[in-house]
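Q: Here you go, one structure.
Here, each number is a calculation from the coordinates, and none is a lab measurement. Note that the coordinates shown come from a computational prediction; the quantities given were computed from them, not determined experimentally. Quick reminder, even Gly has a Cβ in these numbers, built from the backbone with ideal geometry, and neighbours come from all protein chains shown.
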Amino acid sequence: MPDPLHVPVPVSLETERLQLRPFRTTDAPQLHEALLDSVAELRQHLWFLPWVSEEPTLQSAEARCRMAEANFLVRADLPYLAFAKSTGRLVASAGLHRTDWSLPKTEVGYWVRTSEAGKGYATEAVLALTNWALHGLKAKRVELVTDESNHGSRRLAERCGFALEGVKRSTMQSPDGQLRNSCVYARLPTAD
């Protein structure tokens, strides 16, 4: 298996409208503002993530930035923040998670600031990271996993060329105690 610390990973990706880069501790105020704007929607779809369930404070945003920055450096996780090039505003976050460096394969995840939803930022960010994973990392597989009832994420997966491979039943329990299903989408290099 290649040593992940020796795998070159871009510290900046650009799309038509976005600049994606790793978290920095100095991003905490902007991240805190974006989380306050988005906490209700994040808890609706990403309740299972520890940073979503905690109270969104400036201190928790700073801790999230520090952890994300550290994880990026040691290749344990590859999270990026997405800023609108025209304004410099934090509009989304996207990353490559649960990377198996020996294959390699990875999973793309994302969230969009609520006040910026519906503008195509998630699609741009997911495509940029997926294309880098398939061509730069030479990933054999990129997954996108979403709650079955998250129809927006399911449409995004299809827009980005991911194929639905299956529905895993009763994989999560929501805060109200309901068992939820997960949809597993994937893109392979041959699909490009």
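Q: Counting only other residues whose beta carbon sits under 14 Å from that of Asn71, what net charge do I get with K and R as +1, D and E as -1?
A: On the way: positive: Arg24, Arg64, Arg66, Arg75, Arg98; negative: Glu69, Asp77.
It works out to a net charge of +3.
Q: Can you compute the modelled spin-label distance between Arg169 and Asp100, with each label point 7 Å from Cα toward Cβ, in nm?
A: Distance between label points: 2.5 nm.
Q: Compute the normalised compactness of the stretch 117-192: alpha-carbon radius of gyration over 2.2 N^0.38 Å, N being the residue count. Present the calculation step by step, with values, prior to reporting the outcome.
A: Values: Rg = 13.5 Å, N = 76, 2.2 N^0.38 = 11.4 Å.
In units of the 2.2 N^0.38 Å rule of thumb, it is 1.19.
Q: So for His6, His32, fewest C-beta neighbours within 10 Å to most, what's the order?
A: Fewest-to-most Cβ neighbours within 10 Å comes out as His6, His32.
Q: Oh, and also: Put one equal scatterer on each alpha carbon of the stretch 82-140, apply the Debye formula with no solvent term, and list log10 I(q)/I(0) at q = 0.18, 0.29 1/Å to two decimals.
A: Computed log10 I(q)/I(0) values: -0.63, -1.13.
Q: May I pose another question? Once Rh is set to the Kirkwood radius over Cα pairs, what Stokes-Einstein translational diffusion coefficient, in µm²/s, holds for the chain at a temperature of 10 °C and a viscosity of 1.306 mPa s? Kindly include the intermediate steps, with their values, before the conclusion.
A: Working: Rh = 17.0 Å.
The estimated diffusion coefficient comes to 93 µm²/s.
Q: Trypsin sites (Lys or Arg not before Pro) within the stretch 91-123: which are DSSP loop residues with at most 16 other Cβ atoms inside 10 Å?
A: Values: sites: Arg98, Lys105, Arg113, Lys119; in loops: Arg113, Lys119.
Here the sparse-neighbourhood loop sites are Lys119.
Q: Report the number of Lys pairs in the chain whose alpha-carbons are under 22 Å apart, with separation of 8 or more residues or on distinct chains. Intermediate results must be reported in sequence, preceding the final value.
A: On the way: Lys85/Lys119; Lys105/Lys138; Lys105/Lys140; Lys105/Lys168; Lys140/Lys168.
Qualifying lysine pairs in the chain: 5.
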